[in-house]
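What follows is a single structure, written as structure tokens, with notes after it.
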Amino acid sequence: MSEQHYFSETPETEFKPRPVQVELAGRKVTVTTANGIFSPSGIDKGTAILLQEAPDPQGERMLDIGCGWGPITLTLAMLAPQAQVHAVDVNSRSISLTERNAAALGLSNVTVGTPESVDPELRFDTIWSNPPIRVGKEVLHEILLTWLPRLAPGGDAYLVVQKNLGSDSLQKWMDAQLEELHPGEFEVSRYATSKGFRILQVHRYED
């Protein structure tokens, strides 16, 4: 699959859905994936590490940036049934599959859409993401500066980034940018390291 396909709003390849068995939140489940999205064969290494290492999600409103077929979204919704989980992606096929998988698992606390569909006034207590590093720095930086400032006071974001794709430089960049734009409001730190990946934590201080 071309790397560009899962960044496309409307993949040009024929839609070929297929069932895949995975384990999410300690449950073995069957989900539907398809070509033309990120990691159609199952849970990619980075996402698996995030799901394994991140602490239990907290709060009433949560966000998955770049949902793909939904492994992070579905896990958040299963771990925090009291919360409303928002999932965003630019890929229409990813949006459709995450909606389909949430419905199949009976997860009524999931809302999926494009980034533009989310109320800009919403603030999130928890953000989990395997951000699309390969879109390039300019687009990646725009994505992060769009969503990280939407953390609620006291909220935390956990981002998984491969070390050899610039996790440490990204950590420094986020720290500098958030301090410049929102002085004294955020702390960026390295939460965990596993199998060549870093989990970066972005915490927003209480008011």
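The values are calculated or read from the model by the stated rules, or taken from the named source; none is laboratory data. As the structure is a prediction and not an experimental result, all values here were calculated from the model. No Cβ is skipped: glycine too gets one built from the backbone with ideal geometry, and neighbour counts run over all protein chains shown.
In table form, for the structure just shown:
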| quantity | calculated |
| --- | --- |
| Criterion violated by A157 - all others in (1) closer than 25 Å to F38 by Cβ; (2) surrounded by fewer than 20 Cβ atoms within 10 Å (Cβ to Cβ); (3) of a type outside the set (S, T, Y) satisfied | (2) |
| Residue in region 136-143 that is in contact (Cβ under 8 Å) with a residue 24 or more places away in the chain, in contact with a Phe, Trp or Tyr (Cβ under 6 Å, 6 or more places away or on another chain) and surrounded by 13 or more Cβ atoms within 10 Å (Cβ to Cβ) present | no |
| One residue from K16, K45 being farther than 30 Å from P153 by Cβ, surrounded by fewer than 16 Cβ atoms within 10 Å (Cβ to Cβ) and modelled with pLDDT of 95 or more | K45 |
| All positions within region 128-169 that are over 16 Å from the mean Cα position of the chain (by Cα) and part of a helix (DSSP H, G or I) | K137, E138, K163, N164, L165, D168, S169 |
| Hits in region 161-203 (condition: hydroxyl-bearing (S, T, Y) and over 20 Å from F124 (Cβ atoms)) | S167, S169, T193, S194 |
| Where a residue in region 50-63 is on the phi > 0 side of the Ramachandran plot and its partner, wherever it lies, is among the polar types (S, T, N, Q) and at pLDDT 95 or above, with Cβ under 6 Å and at least six apart | G59/T126 |
| Members of region 181-207 that are hydrophobic (A, V, I, L, M, F, W, C), free of Cβ contacts under 8 Å to residues at least 40 places away in the same chain and crowded, with 16+ Cβ neighbours inside 10 Å | F186, V188 |
| Single match in L107, L178 (criterion: of a type outside the set (K, R), in contact (Cβ under 8 Å) with a residue 24 or more places away in the chain and in a loop (DSSP other than H, G, I, E, B)) | L107 |
| Of residues in region 23-41 being modelled with pLDDT of 95 or more and in contact with a Ser or Thr (Cβ under 8 Å, 6 or more places away or on another chain), the one surrounded by the fewest Cβ atoms within 10 Å (Cβ to Cβ) | A25 |
| Residues located in region 91-116, provided they are surrounded by fewer than 22 Cβ atoms within 10 Å (Cβ to Cβ) and either in contact with a Phe, Trp or Tyr (Cβ under 6 Å, 6 or more places away or on another chain) or within 21 Å of Y158 (Cβ to Cβ) (or both) | L107, N109, T111, P115 |
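Residues are listed down the side, and each one gets a yes or a no for (1) of a type outside the set (D, E, K, R); (2) closer than 26 Å to P17 by Cβ:
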position	(1), (2)
I65	yes, yes
A83	yes, no
A104	yes, yes
N109	yes, yes
K137	no, no
